[in-house]
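**Q** Below are the structure tokens for one structure; questions will follow.
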Amino acid sequence: MSPAADGTGAKGDLRAPFVLYIEDNFHNRRLVGKILASRGIRVVEAEDGLSGLRQMRQERPAVVLLDISLPDIDGLEVLARIRGDAALREIPVVALTASAMHGDRERFLAQGCDDYLSKPLQALELIAMVERYLEG
Ligand code: MN
């Protein structure tokens, strides 16, 4: 989406922070979109890792919510590419991990993610986490 087209002003307008949610599951995207919209938080969605990376280069998100299992490159690889890219590496990333998959958390933290949330997502926990990053 074009930031100029929705009246928010110049590209990368810092007054309009948003969440980038990289997730292939439609139901999860709809759920998170609803929860965050209830707090007036803008969510931009990407259905796979490569389009998420492309989106990040177009318009810088305040925080990325990153699913692990994605149809093209997985979340760990997305994170590695974010941290390996000078233009993207400062962007906070929250990994969404299934609570049973403890190994995933360690791998993500080692790879440089800032936080993680357990699936199934809890609305209040999600809101608190996202607002912390939006407030900077
Ligand atoms: Mn997935």
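The values are calculated or read from the model by the stated rules, or taken from the named source; none is laboratory data. Bear in mind that the values here come from a model prediction, so they are computed numbers and not experimental data. A quick note on method: Cβ atoms are made from the backbone with ideal geometry, for glycine too, and the neighbour counts reach across all protein chains shown.
**Q** Anything in segment 64-109 that is part of a helix (DSSP H, G or I) and away from the ligand (no atom under 15 Å from the Cβ)? List them, or say none.
**A** Selection gives 80, 81, 82, 83, 102, 103, 105, 106, 107, 109.
**Q** Return the residues of segment 71-99 that are buried (at least 19 other Cβ atoms within 10 Å of the Cβ), aliphatic (A, V, I, L, M) and closer than 14 Å to residue 119 by Cβ; say none if nothing qualifies.
**A** The answer is 94, 95, 96.
**Q** Filter segment 33-44 for residues that are under 15 Å from the mean Cα position of the chain (by Cα) and under 15 Å from residue 62 (Cβ atoms); which is surrounded by the most Cβ atoms within 10 Å (Cβ to Cβ)?
**A** That would be 36.
**Q** Which residue pairs have Cβ atoms under 8 Å apart, sit 6 or more places apart or on different chains, and have a first residue in segment 63-74 that is of a type in the set (D, E, K, R) and a second that is in a loop (DSSP other than H, G, I, E, B) and near the ligand (Cβ under 8 Å from one of its atoms)?
**A** 67/23; 67/24; 67/25; 74/68
**Q** Answer with yes or no whether residue 74 is at pLDDT 95 or above and over 19 Å from residue 136 (Cβ atoms).
**A** It is false that residue 74 is at pLDDT 95 or above and over 19 Å from residue 136 (Cβ atoms).
**Q** Just one of (1) within 11 Å of the ligand (Cβ to nearest atom); (2) surrounded by 22 or more Cβ atoms within 10 Å (Cβ to Cβ); (3) part of a loop (DSSP other than H, G, I, E, B) trips up residue 61, so point out which.
**A** Status for residue 61: all satisfied but (1).
**Q** Same structure again: Would you pick out the residues in segment 26-52 that are touching a strand residue (DSSP E or B) at 6+ places or on another chain (Cβ under 9 Å), in a helix (DSSP H, G or I), within 16 Å of the ligand (Cβ to nearest atom) and among the aliphatic types (A, V, I, L, M)?
**A** 32
**Q** Looking only at segment 78-120, count how many residues are modelled with pLDDT under 95, of a type in the set (D, E, K, R) and more than 19 Å from residue 17 (Cβ to Cβ).
**A** 5
**Q** So residue 7 clears everything in (1) modelled with pLDDT of 95 or more; (2) out of contact with any strand residue (DSSP E or B) (no Cβ under 9 Å at 6 or more places or on another chain) except one condition, right? Which one?
**A** (1)
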